[in-house]
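Enquirer: Please read through the structure below; I'll follow up with questions.
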Amino acid sequence: MEKIIQIDQLKKKAEEIRYDIIKMIAGAGSGHPGGSLSAADIGAVLFFNEMNYDANNPEWKDRDKFILSKGHAAPLLYALLAHAGFFERSELKTLRKYKSRLQGHPASLMLPGVEVSTGSLGQGLSIASGIALAGKMDKKKYRVFTLLGDGELDEGQVWEAAMFAAHKKLENLCAIVDRNRLQIDGDTEKVMALEPLKAKWDAFGWHTILIDGHNIPDILHAFEEFHTIKTKPTVIIAKTVKGKGVSFMENQAGWHGKATDREQTEQALKEIKARINA
Amino acid sequence: MKTQDIRPIQDGYGNALLKLGETNPNVLVLDADLSTSTRTNWFAEKFPERFIDVGIAEQNMVDIAAGLSLEGKIPFVTTYGVFVCGRAFDQLRNTVCYSQLNVKVVGSHGGISVGADGGSHQAIEDIALMRILPHMTVVVPCDHFQAHKATMKLAELKGPAYLRLAREATAALTDEDSDFEIGKAQIVTEGDDCAIFFAGTIGAEVMKAVKLLHDKNIFPTIINMHTIKPIDKECIIKYAKKFGKLMTVEEHLQAGGLGSAIAEVLAEEYPAKMKMLAIYDRFGESGQPDVLLDAFGLSARKICEQVEGFLKK
């Protein structure tokens, strides 16, 4: 995997990912744009700068692992995998269709590059902890990354895993919370308050980093900091905007799981394209 | 038959893990704070670096095992059946089975013979919950010898599997040299009057019932259906054809258990009348194991009565 180092190139990659997310969901007629868009910048940095893997050899044993705990952001994962070369971009238009390898939520038996099936929330951090523990047992160098939604933190299992990973000192594990502050029923602080979120992770024994999840240098620095932590797992709480990059979707809970109509698709793609060409 | 050999079935599991610890470096054992009850403490003492106690967190345990299996490990996830199958069902369904991961799930304390702890701790729905999951293999050994063999075989099998154990020490029906093959029913004794299928340690009661039946000049064929999934269809159909009707005995809910699995085969392949001795739509309760088995109609005496009645019909 050739890494992208320039910040403007990473920004551009994130916008290309956004473009494919919107197109893919519009083609499927359903899907989850809000939480896919909010994590596009984090995803772009992970897949095109931070992680080591080989798209031509998805089973390469020493690859870094990425677990999409918030499985509904499948369009984000599929766009990243396609851009990384795991499969052709043209396959993205099969999303959610019968016989497609691009299931509504990621299914690992169907698509190379998907490490494990997700979709039922709250499980990714436990799975990632298991992979990280195996890596430590076998003295492997790979790291494990997992992306969680903030609404997903309502699941009790996340905190079981948080306790476990700190107890086992899994310094090769990095969790990223996509803190877009919206879940299906609305504002996370009204549905089920998460704050003080940093204090919670601190108390569970994690190294906690707060960043702007749309600021590429911020994201890069956070991963650099993760590399220096040797005694505990790291969590990056990334403040994001749900629906980021499409003006009418931003900060609207209603765009959690809804496809755009023809007019909205055109408008969204136009906005994103303008930034790609800027 | 060595009826004098009375040991808890977990001992077979615990010993098999010790053997696997020596022969297969990929085998890991996970427990949720019940390692003395489940016998995983034997493995823990000998292979501490390969034993993971997750604390009282079954959901986390199953998904940690999922992660470990992705890296080529063979995790044996162990705790009471009622907790692992119930509390971690979603993890078993959506992560382990949906991704077809090589995770072995071991549920101890199956059935009402768990006794004094009562209904909250007696797994009576675990077989139903596990056998409905695509990709899942379900094995219910009858004694410690068979539990040992089943554990060894499951370590070799690729894919998710559930192994159901029980609490009480029961008489061994097999010995060290008995054959054991996943998916192949075992004929314990052949008789000309009827066929009785059982699964698990209740086999000890069934064999006591056989003695009582012999006194009444009734000679049943007894089949140990140690694998619930994949089920040995051929064997079921063979005996349905031979006797025209079948009886099943299990320490599990009638809905979804062994009898239910056999009925599914017969309904499609060779409809035959059945009598299912099982637990009918209720929870267990506290009591002495033998008292409970009798109260639930699963003691040797009650099984014997039921066989007599079934043959008269």
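The values are calculated or read from the model by the stated rules, or taken from the named source; none is laboratory data. Just so it is clear, the model here is predicted, and its values are computed rather than measured. Cβ sites come from the backbone with ideal geometry, for glycine too, and all protein chains shown count toward neighbours.
Enquirer: Of all residues in the stretch A:214-245, which are among the hydrophobic types (A, V, I, L, M, F, W, C) and either out of contact with any strand residue (DSSP E or B) (no Cβ under 6 Å at 6 or more places or on another chain) or in a loop (DSSP other than H, G, I, E, B) (or both)?
Expert: Residues satisfying the conditions are A:Ile216, A:Ile219, A:Leu220, A:Phe223, A:Ile229, A:Val241.
Enquirer: Which one is surrounded by the most Cβ atoms within 10 Å (Cβ to Cβ) among residues in the stretch B:97-113 that are farther than 30 Å from B:Tyr280 by Cα and more than 7 Å from every other protein chain (Cβ to nearest Cβ)?
Expert: Only one residue tops the list, namely B:Val103.
Enquirer: Do you know which residues across the stretch B:182-212 are of a type in the set (A, V, I, L, M), out of contact with any Lys or Arg (no Cβ under 8 Å at 6 or more places or on another chain) and more than 23 Å from B:Ser113 (Cα to Cα)?
Expert: B:Ala185, B:Ile187
Enquirer: OK, next. Restricting to the stretch B:60-79, give me the number of residues that are over 13 Å from A:Ser126 (Cα atoms), more than 7 Å from chain A (Cβ to nearest Cβ) and of a type outside the set (Gly, Ala, Ser).
Expert: Summing the residues that are over 13 Å from A:Ser126 (Cα atoms), more than 7 Å from chain A (Cβ to nearest Cβ) and of a type outside the set (Gly, Ala, Ser) in the stretch B:60-79 gives 6.
Enquirer: How about the stretch B:85-96: which of its residues are crowded, with 22+ Cβ neighbours inside 10 Å and more than 14 Å from chain A (Cβ to nearest Cβ)?
Expert: B:Cys85
So that you can scan it fast, the table gives a plain yes or no per residue for (1) of a type outside the set (Val, Ile, Thr); (2) within 17 Å of B:Thr95 (Cα to Cα); (3) surrounded by 24 or more Cβ atoms within 10 Å (Cβ to Cβ):
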| position | (1), (2), (3) |
| --- | --- |
| A:Gln103 | yes, yes, no |
| A:Pro106 | yes, yes, yes |
| A:Met110 | yes, yes, no |
| A:Val114 | no, yes, yes |
| A:Leu125 | yes, yes, yes |
| A:Ala128 | yes, yes, yes |
| A:Leu148 | yes, yes, yes |
| A:Gly156 | yes, yes, no |
| A:Lys168 | yes, no, no |
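Enquirer: For residues in the stretch A:200-238 being of a type in the set (Gly, Ala, Ser) and within 22 Å of A:Gly156 (Cβ to Cβ), which is surrounded by the fewest Cβ atoms within 10 Å (Cβ to Cβ)?
Expert: Filtering the stretch A:200-238 for residues of a type in the set (Gly, Ala, Ser) gives A:203, A:205, A:213, A:222, A:238.
The next check asks that each one be within 22 Å of A:Gly156 (Cβ to Cβ); those that pass are A:203, A:205.
Details: A:Ala203: 12, A:Gly205: 16.
Among those residues, the one meeting the criterion is A:Ala203.
Enquirer: Name every residue in the stretch A:128-151 that is free of Cβ contacts under 8 Å to residues at least 24 places away in the same chain and either away from every other protein chain (no Cβ under 11 Å) or within 16 Å of the chain's Cα centre (by Cα) (or both), in order of residue number.
Expert: Once the filter is applied, which keeps residues that are free of Cβ contacts under 8 Å to residues at least 24 places away in the same chain and either away from every other protein chain (no Cβ under 11 Å) or within 16 Å of the chain's Cα centre (by Cα) (or both), the stretch A:128-151 yields only A:Lys139.
Enquirer: Please verify whether the stretch A:55-64 includes one or more residues that are touching a residue at least 40 places away in the same chain (Cβ under 8 Å) and away from every other protein chain (no Cβ under 14 Å).
Expert: yes
Enquirer: Based on this model, can you work out whether B:Asp179 counts as surrounded by fewer than 24 Cβ atoms within 10 Å (Cβ to Cβ) and assigned by TED's automatic domain parsing to the domain that holds B:Ile279?
Expert: Judged against the criteria, B:Asp179 is not a match.
Yes/no matrix, rows are residues, columns are (1) more than 13 Å from every other protein chain (Cβ to nearest Cβ); (2) within 18 Å of the chain's Cα centre (by Cα):
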| site | (1), (2) |
| --- | --- |
| A:Lys93 | yes, no |
| A:Leu102 | yes, yes |
| A:Gly113 | yes, yes |
| A:Val116 | no, yes |
| A:Ser126 | no, yes |
| A:Leu153 | yes, yes |
| A:Trp159 | no, no |
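Enquirer: Of the conditions (1) more than 14 Å from chain A (Cβ to nearest Cβ); (2) under 30 Å from A:Gln103 (Cα atoms); (3) buried (at least 22 other Cβ atoms within 10 Å of the Cβ), B:Ile132 satisfies every one except a single condition; which number is it?
Expert: (3)
Enquirer: To continue, here is another question. Does the stretch B:176-231 hold any residues that are more than 19 Å from B:Leu266 (Cβ to Cβ), among the polar types (S, T, N, Q) and in contact (Cβ under 8 Å) with a residue 60 or more places away in the chain, and which are they?
Expert: B:Thr201, the sole residue that qualifies.
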